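Structure, as structure tokens:
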Amino acid sequence: MKYRIQQEAREGTMLINMGPSHPAMHGTTRVMLELDGEKIINCELEMGYLHRGFEKICENKTFFNMLIYTDRMNYVSPLINNTGYVMTLEKMLGIEAPERAQYIRVILNEFSRVCDHLTALAAMCMECGAFTVFLYMMKAREYIWDLMEQTTGARMTTSFIRVGGVRSDFPSDWKKTTRIAIDETRKVLKDCHGLMSKNKIFLNRTRDVAIVTSELAINYGWTGPCLRSTGVNYDVRKAFPYLVYDQLEFEIPLGERGDNFDRYMVRMQEMEQSLRMVEQCMAKIPKPSSSSESVTKGLEPAEAIKASRTKKPEERIKLSPNLEGTEKEKYPGILSGKKCIVPPKEDTYTNIEGLISHFKLFMRGHGIRPPKGEAYFAVEGGSGELGFYIISDGTDKPYRLHLRAPCFHIVAALEEIVRGNYLADIIPTFGSMNMIGGELDR
Amino acid sequence: MKHKKDGKVGFITTTFNSMLGWGRKFSLYQYPFITACCGMEYMSAACAHYDLDRFGMGWTRFTPRQADMLLVVGTISHKEAPVLRTVYDQMTEPKWVVAFGACAVSGGIYDNYAVVQGIDRIIPVDVYIPGCPPRPETIINALIKLQEKIQKEGHEWRFQKKKS
């Protein structure tokens, strides 16, 4: 098979291959280049090295099972993916999450966005030679992941956002962990601003390199920080507010020139805004429906199950697979929707109604069954508008699911952007685009 | 290495072997073949918080020719498989392979047409790390296991190809 670039090759030029095992190509993209000296005169991009058949898998999984696959789409910010998918389903089912759950979602989403930007910039800066910045940013991410782990029980692939709300409430000392995460991230951002933003070497490689006009960006379907770096003010959180974003104050940082440096700077400033939003949410979040002290009292689960054989236990049950302890009392605060939520474990283990509703939810052919029809819902993901398009035929499996992955559109423009630049410019350009394999190839 | 006279392993050779193993296990140059989600945890493990460098395997080499340990981090699809095989073939002996995460171990949750069901269908694997993705502590534990394995291995004077 001959590639397009081989057919179009001119005489006296050199064809060179970058990737997919090139460190700057993040393992999953291949760029073929036609070089005249060091100047790129033609470029061909090949993707699909991480095609895992996400959309096909979804046709054979129930709506409940698919949640774990959405974690692994944009694996740097899995909670945003969860939110996008779950909110599409909620739109079809006509459910709205309780207010506290919405705040929890926003806090976790904004932290995920910070993680996403940190990772993108860390990789970009490292590829430009700034290894210190990489280490600093990874450090900040660890503090954020501490909160994630405390809340969700997992560091990355959390599956935490559920239809109708979130799986569990925040732990009792979450404000302390959040405070530490915010402070440490701010410190790191300040350090990185000092190290990179006026760094001559970094500026030389990014300023006025790979300029994208707003027209080109819109034509390719760019969204997110990359689009905003060209000066177009489009953010799903502002344009089509979801969750409680319309009650929060935040600005949308815009770039002017649309070069690599603007893409870097927009991300840096967005992180500040995200942290600002988290602080507002911390102040505004409604009180939990049950106090954390009540969790320590009550029956042990084994005792409760034993007691339930003879009669229904009157005392509350202490522990459950929930992270915090009892979950039933928290349900009104964090979950809503009757037929779509997993019943509290206390009910499942101790009374017949709970057991039946649990059984009905996980049986094939039962479970979450949205009405016939289709729905599209988009959230602002780490690198742009992350949309889920679901067609339902009334069964417990989607007829078709399509993911509108933001980086697919962004990376598709690479061929045109790098043409005319030098070979070394590919590295910061590709880095600033934030290519995420799981989302790109699905 | 066998002793020339009676075929037994002598004192000097075993001492030398264990010294060689000791040297090798603490200077593992790694080639991270990062494709997917597990890469994030690999980054965490390699960076300041968990710091793989404490165990003598912090030096990342991005060319297979300089690396001793191939870390296959993430899902390997059928399209990626020949690339992985090429990278493995380019590495010089002695070399070790670590299957990192559920996808590399067995295909993980992706049991479908696109994904290789475990990299041991393509290349020999020394250590498997379960988890989707594995926590940094698991990674460190697994790599210490690999070091133990390297310590116990018989090291040849002339580097022969591993019989695998």
Single condition A:Tyr136 does not satisfy, out of (1) crowded, with 21+ Cβ neighbours inside 10 Å; (2) under 30 Å from B:His78 (Cβ atoms); (3) within 14 Å of chain B (Cβ to nearest Cβ): (2)
Cβ-Cβ under 8 Å pairs, at least 6 apart or on other chains, region B:128-144 side facing another protein chain (nearest Cβ under 10 Å), far side among the hydroxyl-bearing types (Ser, Thr, Tyr) and buried (at least 18 other Cβ atoms within 10 Å of the Cβ): B:Cys132/A:Thr157; B:Pro133/A:Thr157; B:Pro136/B:Ser44; B:Pro136/B:Tyr50
Residues satisfying the stated conditions in region A:237-271, i.e. of a type in the set (S, T, N, Q) and either without any contact (Cβ under 8 Å) to a residue 24 or more places away in the chain or touching a Ser or Thr at 6+ places or on another chain (Cβ under 8 Å) (or both): A:Asn260, A:Gln269
Selected residue (only one of A:Gly153, A:Gly221, A:Gly129 is within 21 Å of the chain's Cα centre (by Cα), within 14 Å of another protein chain (Cβ to nearest Cβ) and surrounded by fewer than 18 Cβ atoms within 10 Å (Cβ to Cβ)): A:Gly153
Residue match in region A:353-373 (condition: of a type in the set (Lys, Arg), out of contact with any Leu (no Cβ under 7 Å at 6 or more places or on another chain) and under 30 Å from A:Gly437 (Cα atoms)): no
Contacts under 8 angstrom Cβ, first residue in region A:12-24 being more than 8 Å from every other protein chain (Cβ to nearest Cβ), partner part of a loop (DSSP other than H, G, I, E, B) and modelled with pLDDT of 85 or more, 6 or more apart: A:Gly19/A:Thr29
Any chance B:Met40 is buried (at least 22 other Cβ atoms within 10 Å of the Cβ), out of contact with any His (no Cβ under 7 Å at 6 or more places or on another chain) and in a helix (DSSP H, G or I): yes
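Conditions tested, residue by residue: (1) over 26 Å from A:Arg100 (Cβ atoms); (2) in contact with a helix residue (DSSP H, G or I) (Cβ under 6 Å, 6 or more places away or on another chain); (3) at pLDDT 85 or above.
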{"site": "A:Phe170", "(1), (2), (3)": "no, yes, no"}
{"site": "A:Lys187", "(1), (2), (3)": "yes, no, yes"}
{"site": "A:His193", "(1), (2), (3)": "yes, no, yes"}
{"site": "A:Met196", "(1), (2), (3)": "yes, yes, yes"}
{"site": "A:Asn204", "(1), (2), (3)": "yes, no, yes"}
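Conditions (1) of a type in the set (Val, Ile, Thr); (2) more than 10 Å from every other protein chain (Cβ to nearest Cβ); (3) within 17 Å of B:Gln147 (Cα to Cα), marked per residue:
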site: B:Ile76; (1), (2), (3): yes, no, no
site: B:Pro82; (1), (2), (3): no, yes, no
site: B:Met91; (1), (2), (3): no, yes, no
site: B:Val97; (1), (2), (3): yes, yes, yes
site: B:Ile109; (1), (2), (3): yes, no, no
site: B:Ile122; (1), (2), (3): yes, yes, no
site: B:Asp126; (1), (2), (3): no, yes, yes
Test: residue in region A:42-55 that is in contact with a Pro (Cβ under 6 Å, 6 or more places away or on another chain) and not aromatic (Phe, Trp, Tyr): no
Pick from region A:58-76, criterion among the charged types (D, E, K, R) and surrounded by 23 or more Cβ atoms within 10 Å (Cβ to Cβ), ranking: farthest from the other protein chains (Cβ to nearest Cβ): A:Asp71
Count - residues of region B:43-67 that are buried (at least 16 other Cβ atoms within 10 Å of the Cβ), under 15 Å from A:Ser21 (Cβ atoms) and away from every other protein chain (no Cβ under 11 Å): 1
Residue that is away from chain B (no Cβ under 11 Å) and either free of Cβ contacts under 8 Å to residues at least 24 places away in the same chain or touching a Gly at 6+ places or on another chain (Cβ under 6 Å) (or both), where the choices are A:Ile80, A:Ile144: A:Ile80
Region A:92-126 - residue that is among the basic types (Lys, Arg) and crowded, with 24+ Cβ neighbours inside 10 Å and, of those, nearest to A:Trp174 (Cα to Cα): A:Arg105
Selected residue (criterion: nearest to the chain's Cα centre (by Cα)) from residues of region A:393-424 that are over 24 Å from A:Tyr234 (Cα atoms) and buried (at least 23 other Cβ atoms within 10 Å of the Cβ): A:Leu401
Matching entry among A:Glu34, A:Glu55, A:Glu11 (being in a loop (DSSP other than H, G, I, E, B) and surrounded by fewer than 24 Cβ atoms within 10 Å (Cβ to Cβ)): A:Glu11
Flag for A:Thr29 being surrounded by fewer than 19 Cβ atoms within 10 Å (Cβ to Cβ) and of a type in the set (S, T, N, Q): no
Candidates A:Asp169, A:Asp173, A:Asp235, A:Asp183 - the one that is acidic (Asp, Glu), away from every other protein chain (no Cβ under 14 Å) and farther than 30 Å from B:Arg135 by Cα: A:Asp235
Test: B:Val72 is outside any helix (DSSP H, G or I), of a type in the set (Val, Ile, Thr) and touching an Asp or Glu at 6+ places or on another chain (Cβ under 8 Å): no
Exclusive hit being farther than 20 Å from A:Ile334 by Cβ, more than 13 Å from every other protein chain (Cβ to nearest Cβ), in contact (Cβ under 8 Å) with a residue 60 or more places away in the chain and surrounded by fewer than 20 Cβ atoms within 10 Å (Cβ to Cβ), set A:Leu195, A:Leu189: A:Leu195
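The values are calculated or read from the model by the stated rules, or taken from the named source; none is laboratory data. All of these numbers come straight from a predicted model, not from anything done at the bench. So basically every Cβ, Gly included, is an ideal-geometry build from the backbone, and we count neighbours across all protein chains shown.
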